[in-house]
């Protein structure tokens, strides 16, 4: 008997290469590919291609009470966890096929990640539906994306250590 599939979504090298090409061409140095069919779905799954130099402003998902699971499929990134004042509590380097390749964060966790190598791809899973982050879900102590200060902070994060404080002066 022939097996029937109603829906099959495959994350393969071709998809990851395409996403990487999009990220390289993007001014933000990243690109997304949604596996969920709509923003209203109860669980969101998306592949994120990131290139070195991309800046993700530290944020949390407190207003929407959304946990987040982050799994590196290709390449490597460092997930940064912060306290409310901008002090780095934890640096977790995730590498595809490495000793640590995933992390799950609760909704009240200030976080972001830095990309360590070209062609990095992560799978992010979190509850839906999509809700735009509230203003207080972005860290007031971190610069907005697209500013010169953001680029400087992204560069600084590569050598910042646990215990360092990133709060703006």
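Every number in this text was worked out from the coordinates using simple rules, so none of it is lab data. Just so it is clear, the model here is predicted, and its values are computed rather than measured. Please note: Cβ atoms are built from the backbone with ideal geometry, for glycine as well, and neighbour counts cover all protein chains shown.
A few notes on this one:
- For region 56-169, the C-alpha radius of gyration sits at 1.03 times the compact-globule guess of 2.2 N^0.38 Å, with N the residue count.
- Value of relative contact order over the chain, rounded to a whole percent, pairs C-alpha under 8 Å and six or more apart: 28
- Each label was represented as a point 7 Å from its Cα along the Cα-to-Cβ direction; for residue 91 and residue 140 these points are 2.8 nm apart.
- Site pair residue 32 and residue 84 shows an inter-label distance of 2.8 nm when each label is modelled 7 Å from Cα along Cα→Cβ.
- Scattering from region 59-122 was approximated by placing one identical point on each alpha carbon and applying the Debye formula without solvent; log10 I(q)/I(0) at 0.12, 0.14, 0.23 1/Å stands at -0.29, -0.39, -0.93.
- Within the chain, helix-based [θ] at 222 nm, where runs of 4 or more DSSP H residues each add -39,500 (n - 2.57), nearest 500: -4000 deg cm²/dmol
- The overall shape of region 104-169 is oblate: from the C-alpha gyration tensor, with semi-axes ordered a ≥ b ≥ c, the ratio a/c is 1.5 or greater and a/b is no larger than b/c.
- Gained length - residue 40 relative to residue 159, 0.36 nm times residue gap less alpha-carbon distance: 39.0 nm
- Compared with the dominant Cα axis of the chain, that is its longest principal axis, helix 13-25 is turned about 40°.
- With R₀ fixed at 25 Å, the C-beta to C-beta distance from residue 132 to residue 25 puts the FRET efficiency at about 0.50.
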